[in-house]
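These notes are about the structure you will find just below.
The values are calculated or read from the model by the stated rules, or taken from the named source; none is laboratory data. Bear in mind that the values here come from a model prediction, so they are computed numbers and not experimental data. Methodologically, a virtual Cβ is constructed for each residue, glycine included, from the backbone with ideal geometry; neighbour enumeration extends over all protein chains shown.
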Amino acid sequence: ETSAHYPRVQAQAVCCFVNLLEGCPKKVVEMYQDQFFHNLHSLFISAVNTLDKPGVPLVLENALSSISKFSECLKIDFVKYYRNIVPELLTLIRSFSSTPHPKYYIISLETLSSILLAVGSKECIHELDSVLEILKSFEIKSIKPTENDKNYHLDYLEIMSSIAEVFGDSFSPILPTLIPVLLELVSVPIENQIISSSIKTESSDSNTLTRAFSAHTDAINDKNKACLILQKLIKNLKASMSNYIDDICNVTIKNFLECYDEDIQCTACDTFPLILKCAQLKATNYEVQIWPKIFQAFYTRVLKSDGILYSDIAFDAIRDCIKVLSYNAIAGEVLIKIVEMMNVEISRLIQDYGNNSPATLHGNDTDENDLYEDDEDMDDFEDAYEENTLSSIENLTRTLFKMLKSNYIPYFSQIFPQVLSLLSCSNPILRCGSLVILGDLIEFCPAESVQLCGQFLETIKILLEDKNS
């Protein structure tokens, strides 16, 4: 307040306050919260009233950021100040809604969304109509890139998803103008820039593994951000989003199949189970109708074996999808393809890592000082890759055993020889994976396991007697 004639000093002081809030424990903030709010509120009002003066817009921007951080820090305790700031903030947002420059509208709206998230839906229900009125009056297509090519579309959409999280299905009147823009952003074609990384044979026992990585460009990051916003809306507005579920499903499958960026593929895999949950609200058994095309995308990507997809995320996503679906939705043709995918991945694991052991990872005669740092990183990568892939297969197998019981045995028999091969590997990670799967067989199908145990009990006995195993 003492620097009112020096806006840039005020702006810098508020920046320091934001940094303080980000690292300050809540208990410390609570000791001074009344004084903090009084000063921030006074600065906010002063900046709004003198916005036409040089330097003041920066003060307002930083004051709004500080209020956002302050509410995020206090969470529900911010209710104490809610009635003091929200009416003024709504008035400010209305004044910015027709501005040719969206920056301050976006910042003000972001502050409002932070406050709404902090205090929760019960407290802010009285502002629902006012907020929706403001959102309806703003045309997202009016947002144009600024002079530094900053595009506020994604910022605006992310704020909308946060407000939707608070208001729930009451937010649905805004969706008809929001979803087309969001679908357009997630559908933007991007150039897949692939970087291949072949593992050197001298630093690995892997025979076939070649990993390809996608270059993270700004376009890819923006696309994934849009996909995450769409995912958030599906999660929080299941019933309201069901009207758009077909378009969302199709574009998510397209991104999963055609975009080689790991983040986008992970986002797609996380979105598929949410799509199925949303489809349940569209019509009876609608999730069963769209499941085959989702599963076909998984099947295509895993069997393509192009070194781009981490198979564990696909198996985990299949498992999450199956948990959403009913027993009758797990058709025999799907199970046949699932065990085919498992066979492919287990074969890769055995071929690439089956002979790996702590004693032979670099050879018995390799001096530890001869190892390069990159070699050690690659060992960590291999350990994580084989363990994650096998763990995802274990989890999916357990889910199928638990759901289908003895009905799964005809399909499990297709991978049973590979499970036995895992048990015979020198790699302890693969042996442990085999034991986990066999444990599930015994737990959920005891009668059938008695018939099969003659094929693995002797091997387990040998492993138990081997001190080096």
Filter segment 229-244 for residues that are aliphatic (A, V, I, L, M) and surrounded by 19 or more Cβ atoms within 10 Å (Cβ to Cβ); the one that is farthest from the chain's Cα centre (by Cα) is Met241
Within segment 257-271, residues closer than 12 Å to Asn224 by Cβ and assigned to a helix (DSSP H, G or I) come out as Glu262, Asp263, Ile264, Gln265, Cys266, Thr267, Ala268, Asp270, Thr271
Subset of segment 158-191, residues among the β-branched types (Val, Ile, Thr) and either in contact (Cβ under 8 Å) with a residue 60 or more places away in the chain or not in a helix (DSSP H, G or I) (or both), comes to Ile179, Val186, Val188, Ile190
Note: among Ser161, Ser137, just one is under 17 Å from Asn236 (Cα atoms), hydroxyl-bearing (Ser, Thr, Tyr) and at pLDDT 65 or above, namely Ser161
In segment 179-190, is there at least one residue being loosely packed, with under 14 Cβ neighbours inside 10 Å, modelled with pLDDT under 90 and either out of contact with any Leu (no Cβ under 6 Å at 6 or more places or on another chain) or of a type in the set (A, V, I, L, M, F, W, C) (or both)?
yes
Residue pairs within 6 Å by beta carbon, gap of at least six or interchain, first lying in segment 228-246 and touching a residue at least 12 places away in the same chain (Cβ under 8 Å), second outside any helix (DSSP H, G or I), listed first then second, are Lys238/Leu281; Ala239/Leu281; Ser242/Leu281; Ser242/Lys282; Ile245/Lys282
Selection over segment 248-270 where residues are surrounded by fewer than 23 Cβ atoms within 10 Å (Cβ to Cβ), in contact with a helix residue (DSSP H, G or I) (Cβ under 6 Å, 6 or more places away or on another chain) and either modelled with pLDDT of 95 or more or of a type in the set (D, E, K, R) (or both) yields a count of 4
In segment 272-326, residues that are out of contact with any Leu (no Cβ under 9 Å at 6 or more places or on another chain), assigned to a loop (DSSP other than H, G, I, E, B) and not acidic (Asp, Glu) total 11
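Only one of Ala279, Ala329, Ala314, Ala359 is modelled with pLDDT under 95, touching a helix residue (DSSP H, G or I) at 6+ places or on another chain (Cβ under 6 Å) and either crowded, with 19+ Cβ neighbours inside 10 Å or more than 21 Å from Asn250 (Cβ to Cβ) (or both). Can you tell me which? Give the derivation first.
Working: Ala279 fails: modelled with pLDDT under 95; Ala329 fails: either crowded, with 19+ Cβ neighbours inside 10 Å or more than 21 Å from Asn250 (Cβ to Cβ) (or both); Ala359 fails: touching a helix residue (DSSP H, G or I) at 6+ places or on another chain (Cβ under 6 Å).
Result: Ala314 is the single residue among Ala279, Ala329, Ala314, Ala359 that is modelled with pLDDT under 95, touching a helix residue (DSSP H, G or I) at 6+ places or on another chain (Cβ under 6 Å) and either crowded, with 19+ Cβ neighbours inside 10 Å or more than 21 Å from Asn250 (Cβ to Cβ) (or both).
From the list Ser46, Ser65, Ser97, Ser71, which one is surrounded by fewer than 21 Cβ atoms within 10 Å (Cβ to Cβ), out of contact with any Cys (no Cβ under 9 Å at 6 or more places or on another chain), closer than 21 Å to Ile163 by Cα and among the small types (Gly, Ala, Ser)? First the steps, then the outcome.
Values: Ser46 fails: closer than 21 Å to Ile163 by Cα; Ser65 fails: out of contact with any Cys (no Cβ under 9 Å at 6 or more places or on another chain); Ser71 fails: surrounded by fewer than 21 Cβ atoms within 10 Å (Cβ to Cβ).
Going through Ser46, Ser65, Ser97, Ser71 in turn, the sole match is Ser97.
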